[in-house]
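Taking it in order: structure first as structure tokens, then the write-up.
The values are calculated or read from the model by the stated rules, or taken from the named source; none is laboratory data. Predicted model, so just to flag it, every value in this text is computed and none were measured. Every residue, glycine as well, gets a Cβ built from its backbone with ideal geometry; the counts of neighbours run over all protein chains shown. For the accessible areas, the whole protein counts, side chains as well, though only heavy atoms, and no ligand, DNA or RNA atoms are used. Shrake-Rupley method; radii C 1.70, N 1.55, O 1.52, S 1.80 Å.
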Amino acid sequence: MDTNGHNSQITIALAGNPNAGKTTLFNSLTGLKQKVANYPGVTVERKEGPWTLNGKTANLIDLPGLYSLDATSLDEHIASDIIRGEQAGVQKPDAIVAVVDATNLERNLYLVMQMFEFGVPVVIALTMIDVFEKQKHEIDIEMLSARLKTPVVAVNAKSGRGRNQLAAKVQEVLHTTPVVPYEFNENAENAGPNGKIFSRYNFISEVVQDSVWHSDQKSHRLSDKIDRVLTHKFFGLVILVAILLVVFQTIFSWASLPMDLLEKGFGAISDFVRAEMPPGILTDLLADGIIAGVGGVVVFLPQILLLFLFISLLEDSGYMARAAFLLDKLMSRVGLHGKAFLPLISSFACAIPGIMATRTIESRRDRFATIMIAPFMSCSARLPVYTLMIGAFFGGQYVFGFISMGAVLMLAMYALGIIVAIVVAGILKRTVLKAPPPPFLMELPPYRLPNLRTVFQNMFTRALLFLKRAGTVILAISIILWALMYFPRSSQQSAVSGQQPEVSVAGNIPSESTPLPESEQLKHSFAGKLGHVIEPVIQPLGFDWKIGVALIASFAAREVLVSTLSIIYNVGKDEGAESQTLIAAVRDAKTDDGKPAWTPLTALTLMVFFVLAMQCMSTVAIVRRETNSWSWPLFMIGYMTALAYLGAFLTYQGGKLLGFG
Amino acid sequence: MAENTILTNLPIGREARVTAVKGEGRVTRRLMEMGVIPGVAVQVVKMAPFGDPIEVRLRGYSLAMRRTEADAIEVSF
Amino acid sequence: MNIQYIIVIAIILGAFAYAGLQLRKRSRAFSPKAGCGKEDCGCK
């Protein structure tokens, strides 16, 4: 029954500790037919999916991973509200499937104890049995089940083995009332507010003692050995940097061939369109606007894929937790929460889920501080920009003979973002968001081999989203930009300058009927005029007006910089010129007075700008949601834009002073 | 002869039992919910660069905490 | 004004309309109102 008294679908909640295999189990039970949304009033993620229970379909809700239902953070509040049936819009669960990690039995069972107290029937899904047995322990599942007075089913979260049995047991417990298998000993020593905690754990210890054999202290042997190296006092940090360098280097080298192919492909398509279609405005739109704009971004697909591959591998293997462990001292110096680490790392892919992930941070001020600095973690949309700049001006150079300059510069840009973030966090925490230093309590899960199927599924999903974005938002923006660069068409000049319209010759690319060469047209278009207006502002940064247009456009979406440059350099191309790769076009680009529009210094300046600027409306939107006011997002836009300008200014002028002009 | 000390000063690798968890408030409560209660066996596995945070083994899993948290945990070995 | 021109204008207007719709959607993004969900992430 839901709150309206209607008899609806059976609702099952899936609960458990983080790292227990809950999400993997959820995926294998719902077959990826999940629906992801938000709970009303908050931005906690709501994940549901259909689970077939012997013919009937139940609604399976994946609760956020928690350690306790005595809620301290936002997602724990939501989870406990849901189980109590007090969450608006969610039916009270008819049963809970408690995911319990066999290798971590005692702590996982703590949550289960609390579930019993809520009066909802529970079935325990015991995961990681195979790992547990490999470590030479044994569980007597029947004994465990008898002592806990609740069904226990061993499942393999990945393969889904055991799920039929799980479904059967869930059906059995529906409409029953669970029995709390222990009593609170009111007279025990150390009773009081924490008495319940002790009672629960004491009971758990007994149960585990009765049902588990050879409980071995050396259960994490292999992980410990690895950790001795990876989290070494000194070498740990060195290794972290080295790993990052390798990741960037690999992304560069593996991606370059597919990217070349894609670029040549789009160039060929563009040439084909020009050759086969009758000359005219539609052809121009297709070749110079759509293909150049969308193609310009799509060529970076290989890069994006590789970036996500590595992020997934690092996360899944458990290395991320170690990195948090290593960097925590640094982070706490600026008052950042250890739990801020994961949201910040997610922000390297996209700040949106990263900012959403800050809901695990209990203190409001710590959370806001993390939200404010998340956009400095260079997101995947900046990658095409960095790659273009590095590819055009820093390719083929090597540091120390074997580390590519490109990888070093990439790392430098990411590092710049991190350093600025730390500084800003430090300032914020000392002034506006002052709060007591946050505690740090984080589980270090044992290393495990990343689940390749999950990793590739993740990559595939990301690729689709990337292409979807290219085909919609970027396409629309490209069309608009092209229009702004194409119109108004100037024809008066022909009369003044006396230029003759070229006559079309069979076999050649027919000329337009416009009298001015395209490069001149561009200057007099809407976009051109706008570019010239802002040129004085950006000149101290070494940018010309065309770059200015691209810069403005990129505030809609960062990748659009690449699209815009692609369109500008295409649209401004004169007749007979073949389509070039964007890198070549960038190198060849000239300012109005014929000087090169781009130098290595300008490229570097642009990258610095992109590290620091707020150019994502979706981020602004979610910051508005998470902070529930307009002042924070506006503040963010303001100080980041100022910082970006200042940073670019210092880079360019500083570089010129040092002779790099 | 049992020696008493705080978790921060427990030599790396030495097994001990928690005797008391001092403090009130959210962090202490969270510590206990993660299983750090009087009577549980603990062991310090390592320390991060700069000595903070430390990695503690208990109940079959690894927990990282700062020295400030570890200072409040009394152990005996 | 040939057919090409008309098609192009139509496409351009369509792009503007789409952009406008997106802006409106973004300003309502992540809101607790019905219909707004995690799909509103414009970044991924």
Requiring at least 2 residues that are assigned by TED's automatic domain parsing to the domain that holds A:LEU541 and within 20 Å of A:GLY296 (Cβ to Cβ), the helices (runs of 4 or more DSSP H) wholly within the stretch A:561-660 are A:582-588, A:600-612
Per the list (1) facing another protein chain (nearest Cβ under 7 Å); (2) at pLDDT 85 or above; (3) open to solvent by 30 Å² or more (accessible area, probe 1.4 Å), residue check on C:VAL8 breaks on (3)
Within the stretch A:345-355, residues being more than 8 Å from every other protein chain (Cβ to nearest Cβ) and surrounded by 24 or more Cβ atoms within 10 Å (Cβ to Cβ) number 3
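Looking for whichever is more than 30 Å from B:LEU31 (Cβ to Cβ), buried (at least 21 other Cβ atoms within 10 Å of the Cβ) and away from chain B (no Cβ under 14 Å) here; the options are A:LEU388, A:LEU416, A:LEU411. Which one fits?
A:LEU388
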In the stretch B:46-56, anything surrounded by 21 or more Cβ atoms within 10 Å (Cβ to Cβ) and more than 7 Å from chain A (Cβ to nearest Cβ) is listed as B:ILE54, B:VAL56
When (1) β-branched (Val, Ile, Thr); (2) part of a helix (DSSP H, G or I); (3) at the interface with chain A (Cβ under 10 Å from one of its Cβ atoms) are applied to B:THR8, the one that fails is (3)
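I'd like the residue in the stretch A:429-488 that is of a type in the set (Val, Ile, Thr) and assigned to a loop (DSSP other than H, G, I, E, B) and, out of all such residues, is surrounded by the most Cβ atoms within 10 Å (Cβ to Cβ). Lay out the reasoning, then the answer.
Looking only at the stretch A:429-488, we keep the residues that are of a type in the set (Val, Ile, Thr), and these are A:431-432, A:454-455, A:461, A:472-474, A:477, A:479-480.
Remaining after also requiring assigned to a loop (DSSP other than H, G, I, E, B): A:431-432.
Working: A:THR431: 8, A:VAL432: 13.
Ranking the candidates gives A:VAL432 first.
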Given the conditions (1) away from chain C (no Cβ under 14 Å); (2) modelled with pLDDT of 80 or more; (3) part of a helix (DSSP H, G or I), every one holds for A:LYS523 apart from (2)
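Scan the stretch B:24-44 and tell me whether some residue there is more than 9 Å from chain A (Cβ to nearest Cβ), open to solvent by 40 Å² or more (accessible area, probe 1.4 Å) and over 19 Å from B:PHE77 (Cβ atoms). Reasoning before the result, please.
Step one: list which residues in the stretch B:24-44 are more than 9 Å from chain A (Cβ to nearest Cβ), which gives B:25, B:36, B:42, B:44.
Still in the list and also open to solvent by 40 Å² or more (accessible area, probe 1.4 Å): B:25.
Those left that are additionally over 19 Å from B:PHE77 (Cβ atoms): B:25.
There is at least one residue in the stretch B:24-44 that is more than 9 Å from chain A (Cβ to nearest Cβ), open to solvent by 40 Å² or more (accessible area, probe 1.4 Å) and over 19 Å from B:PHE77 (Cβ atoms).
Please find, within the stretch A:451-463, the residue that is farthest from A:GLU315 (Cα to Cα) out of those that are more than 10 Å from every other protein chain (Cβ to nearest Cβ) and within 18 Å of the chain's Cα centre (by Cα). I'd like the intermediate steps shown before the answer.
In the first step, residues of the stretch A:451-463 are kept if they are more than 10 Å from every other protein chain (Cβ to nearest Cβ); the result is A:451-460, A:463.
Then drop every residue that is not within 18 Å of the chain's Cα centre (by Cα), which leaves A:454-460, A:463.
Numbers: A:THR454: 12, A:VAL455: 10, A:PHE456: 13, A:GLN457: 15, A:ASN458: 12, A:MET459: 13, A:PHE460: 17, A:ALA463: 18 Å.
Per the criteria, the residue is A:ALA463.
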Scanning the stretch B:59-74 for residues that are in contact (Cβ under 8 Å) with a residue 24 or more places away in the chain and either surrounded by fewer than 23 Cβ atoms within 10 Å (Cβ to Cβ) or not in a strand (DSSP E or B) (or both), the one nearest to the other protein chains (Cβ to nearest Cβ) turns out to be B:ARG59
